Amino acid sequence: MSASTNGSKNGRVFDGRSFQDVVIRPVPTKSTGHADEQPLIPVPPTTTATPSTSTIFVSIPQFRDGKRCARTLQRLFHHASHPDRVVVGLIEQTDTEHANDDPTCLQEYCALEGYKMGEHKAGVAHKGEKQADWDRVMEECPRLGQMRSVRFHAYAAKGPVYARSFIRKVLGNEEFCMQIDAATDFAQGWDNLAVTQWMMTGNEYAVLSNVPMSDKEREKNGGDSSSVEVPRQCAIKIGSEGVPLFENIADGKAIGLTQPLLSATQSSSFAFAKCHYETNVPHDPFAVQLLETEKFPRFARLWTRGYDVYTPSANIVYRDNAVLHPLHHTTGHGDAGERKWPKNDNERRNAHLRMKVLLDIHHGITGAEASSLAGGGGGGAGGIGSKISAARANLGIYGLGRRRTLAQLLDFAGIALPGRDFAGQRGNDGSGCSDRAWVPYDASISSKANLYDGTGTADDLDPEPIFPLRTLPDATGGQYDHPFAMGNAAWDEMTSAQRKLASGDEFSREGSSSDVPYSAVFLLWIVGLYVWYGTFAAKNINMNRKEVGVRSSYTHHGPRNSARKINATKIPLSERTLKNV
């Protein structure tokens, strides 16, 4: 291992084919021609963050993976140097009534900590005692005050991107955000390490991200040593329909890095940044049913809004490959339904088209699809090009930014997208993985500025997410400047009206939760049913017979229109997808 770093003061990178010395390129300068030209450098950190004073929000989505998720929660706090400053946002997708399913992450975590529920008989008659037992566990279980959760049924799951979009419901005023998977292990003192690594970039818009090393590789490499080997993704492939793809497994590695290294890839399994990363580039709730296809488009959104991804010089998190449950098989998602969210080919096709539109890839989009992508207004008129332009503008905050261009991104990554005749596309086999050059931008342009803002092109703009627990300016369109030394203290001072707002959701009610015991809800339901029957049903049953065909006009997703004449105009993509979000 040490031989690989000989002769290189900055470390070495294996790009999938050979080792290359890391080259720290000089920063570019303003081309003014003046002798006093100043280097163009990244925006420096807006706060003097320190590991001991920084709050960290950790988002963890889990799909039927409660046992490994529980181990992740336990390790998260046990391995932190300052566990009191860590807050968890948990997105649970599970089926607690299924005999072969995992328990919830919180239930299993409390059991690991020694607070386990007793055995209870099945049936309605025993729901009260079961709920009382659960309430006792929730009162005694440690660290639950540092966890915020959204839980919905596994049948409502639509993929990992959709799950991560619910972060908007639970993100407070924490300063740093870390995104991980449900099956993760941590370096000792990971919180100190992450903040220190981030500060080393000298970049307010830095994102630390890489494919986590497996726990088996960790053991083979001797654990958390100072001279570490860090996985690094180098190659970028072009998919069958023209969208660039990142592999799930790192094809390269960095050894002996002296500082975080600029990257042209990012991993959804680990990312660490200031929390405006979540508000300025929110996870797209319309990118449902996608796995690989969304990764490069998200990187494009980050990069064009001024964010830079770096491979850390040390391993901060690791991948937990333990098999603790029959659902944790290692062969991937099975067609029999194990660890597989419900398929919806129409939703997946719409989301896939959305990614192509974001990257301005026209190939494979039919005229009818282009019409549905545009809103049907001014942008919907004309040829397919004008319709796709309208559709790109409609993406709004879920589209590209204005700090950098798509052309600059392609040059930075060393790839080419297909033209309208589906020719000319080119991936990157790993070239340039050791010496990426930082690309300057005009920092006076807001990272929230959308590519088509002010052009009048959009005719069906996607709704922006609401972060009800976050009161900092970045959550409402302002520039980020974290003014709170205690971070989450501002959240604790929210008014009762704001807390009431926080219980709502602008996209759906699937993730809503309640602290009311199930037994009380059931009893109130029975009483309400009795009162309703006595008041209306008994004396009006004859009158209502002739109106038996009349239906309520309200459903979960809004006014019911199945009895109305369907409009011949294509429903815009954002509206079609929104109905299922």
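Some points to look at:
- Rounded to whole numbers, the Karplus 3J(HN,Hα) couplings from phi for region 455-465 are 8, x, 7, 5, 10, 7, 4, 5, x, 7, x Hz, using 6.51 cos²θ - 1.76 cosθ + 1.60 with θ = phi - 60°, and x at Gly and Pro.
- Amide H within-cut-off set for residue 58, under 5 Å, with H built and near neighbours excluded: 87, 88, 89, 178
- At R0 = 25 Å, FRET efficiency that the Cβ-Cβ distance of residue 81 and residue 292 yields, to 0.05: 0.10
- Between region 386-450 and region 258-310, the alpha-carbon center distance in angstrom: 13
- Taken over region 184-321, lysine pairs spaced eight or more positions apart, or on distinct chains, with alpha carbons under 20 Å apart number 6.
- Portion, in percent, of the accessible area of region 67-214 that falls on carbon or sulfur, probe 1.4 Å: 48
- Trypsin sites (Lys or Arg not before Pro) lying in DSSP loop within region 91-156, provided at most 12 other Cβ fall within 10 Å: 121
- Among the listed pairs 121/169; 116/158; 169/340, those with a Cα-Cα distance over 29 Å are 121/169; 116/158.
- With R₀ set to 35 Å, the beta-carbon distance separating residue 405 from residue 368 gives a calculated FRET efficiency near 0.70.
The values are calculated or read from the model by the stated rules, or taken from the named source; none is laboratory data. Because the structure is predicted, anything quoted here is derived from the model rather than measured. Neighbour counts run over all protein chains shown; Cβ positions are idealised from the backbone, glycine included. Side chains included, ligands, DNA and RNA excluded: accessible areas come from the protein's heavy atoms. Shrake-Rupley method; radii C 1.70, N 1.55, O 1.52, S 1.80 Å.
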